[in-house]
Amino acid sequence: MCCYQIYDMGDTLAAEQTKDVVTNHIERRAYHRVPANFRIECADGSIGSTVDISEAGARIVSFSPLRVGGTVTSLLLPFKPVQLKFNVIWSVHDNKTKEFLYGVSFNSLSKDDLFLIRENLAHPWIDNTDQVEYKKIRKLYDRISIEKKVDYLSKKIRQNFRHLRGCTYDTNLFKNNIENPIGIVQIPLGIAGPLRINGKNAHGDFYVPMATMEGALVLTYDLGMRLLRLGDPVETEVVSKQIHLDPMFIVSKDEDLIIKKFLDENYSEIKKIAESKSSHTTLLAIKPIRVSNNYVLKCIYDTGDAHGLNMINEATFNACKYIAAQTGVKFYHRSHYSAVKHHSLLNEQEGYGKKVRARAVVTKKAIEMLGVTAIELQDFTDRCIECGMAAKVSAVNVHAANGITAICLATGQDMADISSSHVCHSVGKAVNNKQDFLVEVELPNLLVATVGGGTGLGTQKECLELIGCFGSGKADKFAEIIAATVLAGEFTTAAAVVNQTYVDIHNKYGRNKTKAVL
């Protein structure tokens with residue numbers, strides 16, 4: 001493995017022609033005794049290496065004369081070869097080291113070539129990481145180890161991963177959020193609003209952060225929020241909240257009766273054990289259900305402002321160990337009855353996460369600005385519900401998952417919970433002599449948090465702070481902001497379908513066929 005060391009000499013490099021400069025260079029080269037950084041491969045097959053390099057030129061060292069006059073030459077950067085031409089400004093042979101030294105200036109470098117050279121100047125490969133060392137540093141979180149891991153992967157597959165290195169804070173804070181970290185994934189972040197809300201927990205105007213790679217998405221929600229301001233604020237409320245887990249005990253005869261009796265007689269002790277490991281965990285109830293030879297205990301919790309799944313996993317496991325020890329009945333910690341990370345019709349009906357509602361009347365003036373009428377919007381909405389139900393879509397909406405996902409991605413939520421959080425019942429009705437349009441949405445299975453998980457990481461914390469939802473006591477407020485945001489995107493997108501501008505809008509804002517970030 002080579003160790004690369006670069007000295008950026010700037011625009012003066014190509015003009016260095018004096019004997020003193022050459023002498024100083026030889027002395028410095030002998031003193032450092034480092035392997036050369038980037039290889040030079042001429043069209044005639046002669047090979048050298050750069051010692052110093054800048055955008056203007058380079059110093060080259062080789063153990064045989066380079067035949068460079070007027071030939072196309074490859075500068076072999078770590079990530080890809082760059083084809084270039086250069087002029088020899090000076091040359092000398094070092095009798096002591098047997099090296100041939102050249103000072104060259106570059107000609108006609110393209111913008112892409114200049115970019116690659118700049119990047120290699122800014123991020124030289126300075127380590128000797130090999131597979132053995134990589135295995136040693138896999139579990140480390142410090143920035144140097146992360147840089148070495150990215151370098152190792154870059155060399156292994158010959159790809160440039162410069163964007164992965166863009167973290168702006170202490171990478172040790174990744175601990176408990178990810179394993180074997182190598183950097184940051186950057187997703188475009190937009191802002192929509194202000195969104196005016198008068199809810200049970202959320203009050204005032206909010207600028208809502210939305211992370212997405214889908215053009216026209218933020219535009220749609222932003223438009224809806226601004227049009228809603230022509231009427232009264234969006235009304236919101238958290239109707240209920242609970243999260244549950246589903247251990248199952250293996251029964252064959254009447255073991256279920258034994259467990260049921262034990263639960264009734266010892267619920268207080270079971271509750272105490274379940275809640276002992278976390279101040280955010282409150283066991284609300286245990287609902288037993290027999291499914292064939294499985295006795296499922298639906299353990300229902302309130303986890304406050306935390307997402308809570310990890311907490312209730314531990315709480316439920318400890319409770320079940322106690323029950324099993326006292327009854328002698330074997331159990332499995334999970335059964336799928338709670339449909340964790342799944343969509344469940346039962347959860348949709350009975351509740352899982354937060355059930356949140358939002359309601360607003362879109363004024364005639366706002367509807368006219370969209371080029372539609374309230375009657376047309378109701379007709380479209382009703383027909384969509386009919387067709388969706390025919391296809392056995394349990395909760396018909398326009399595109400609620402877009403808004404929920406974008407906010408959750410920006411604020412550090414568990415993205416796998418979109419499997420249940422996306423569920424949304426959306427209805428619309430022409431009101432006030434059919435001049436205005438009433439929109440109502442209900443999210444029965446919204447799982448969000450304002451503490452724990454990924455909420456404390458740099459950008460995620462700042463996004464939560466932007467809407468005043470970071471920390472304890474803010475989860476219900478956050479849920480209401482999400483519901484109001486979903487509402488803002490429902491009628492605007494429906495209007496785009498009705499007025500037949502949907503395709504044109506996405507062609508203008510959402511198509512990105514050729515661009516690729518280098």
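The values are calculated or read from the model by the stated rules, or taken from the named source; none is laboratory data. Everything quoted here is computed from the prediction, not taken from an experiment. With ideal geometry, Cβ positions are generated from the backbone for all residues, glycine too; neighbour counts draw on all protein chains shown. Note: areas computed on protein heavy atoms with side chains; ligands, DNA, RNA excluded. Shrake-Rupley method; radii C 1.70, N 1.55, O 1.52, S 1.80 Å.
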Next on the checklist: Once you place label points 7 Å from the Cα toward the Cβ at V92 and N318, how far apart are they in nm?
Outcome noted: 7.4
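Using 0.36 nm times the number of residues separating Q326 and E133, minus their current alpha carbon distance, what extension gain do you get?
Working: separation 193, 0.36 × 193 = 69.48 nm, distance 4.93 nm.
Stretched out fully, the Q326 to E133 stretch lengthens by 64.5 nm.
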Checklist entry - Points 7 angstrom from Cα along the Cβ direction at E265 and K85: gap in nanometres? => result 9.6
Item to check | When region 138-290 is reduced to its Cα atoms, the Kirkwood hydrodynamic radius in Å | outcome: 21.8
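Enter the accessible area per residue of region 257-376 (Å², integer; probe 1.4 Å; all protein chains in place). List each step's numbers first, then the result.
On the way: 6010 Å² over 120 residues.
Result: 50 Å² of accessible area for each residue.
For region 141-292, give the percent of accessible area contributed by carbon and sulfur heavy atoms, probe 1.4 Å, rounded to a whole number.
Looking at region 141-292 in its full context, I get 53 percent from C and S.
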Checklist outcome for this item: By the Cα gyration tensor axes a ≥ b ≥ c (a/c under 1.5 gives rounded; else a/b larger than b/c gives prolate, otherwise oblate), the shape of region 260-356 is oblate
Checklist entry - With the Cα gyration tensor of region 176-257 giving a ≥ b ≥ c as the square roots of its eigenvalues, does the rule (a/c under 1.5 for rounded; else a/b larger than b/c for prolate; else oblate) give rounded, prolate or oblate? => result oblate
Next on the checklist: I need the calculated FRET efficiency for the pair A416 and C387, taking r as the beta carbon distance and R₀ as 30 Å, to the nearest 0.05.
Outcome noted: 0.55
Item to check | Distance in nm between pseudo-label sites at N198 and L153 (7 Å out along the Cβ direction from Cα) | outcome: 5.1
Checklist entry - Based on the Cβ-Cβ distance from F63 to K175, what FRET efficiency comes out when R0 is 56 Å, to the nearest 0.05? => result 0.70
Item to check | Difference of contour (0.36 nm per residue) and Cα-Cα distance, H506 to Q186 | outcome: 112.9 nm
Checklist entry - Taking 0.36 nm per intervening residue step and subtracting the Cα-Cα distance, what contour gain separates A56 from Q349 on full extension? => result 98.6 nm
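Computed from the mean reciprocal separation of all distinct C-alpha pairs, what Kirkwood hydrodynamic radius does region 364-518 have, in Å?
On the way: mean 1/r = 0.0581 Å⁻¹.
In region 364-518 this quantity evaluates to 17.2 Å.
Once a ≥ b ≥ c are taken as the square roots of the eigenvalues of the Cα gyration tensor of region 208-313, is the result rounded (a/c under 1.5), prolate (a/b larger than b/c) or oblate (a/b not larger than b/c)? Walk me through the numbers before you get to the answer.
Numbers: a/c = 3.13, a/b = 2.59, b/c = 1.21.
The shape class here is prolate.
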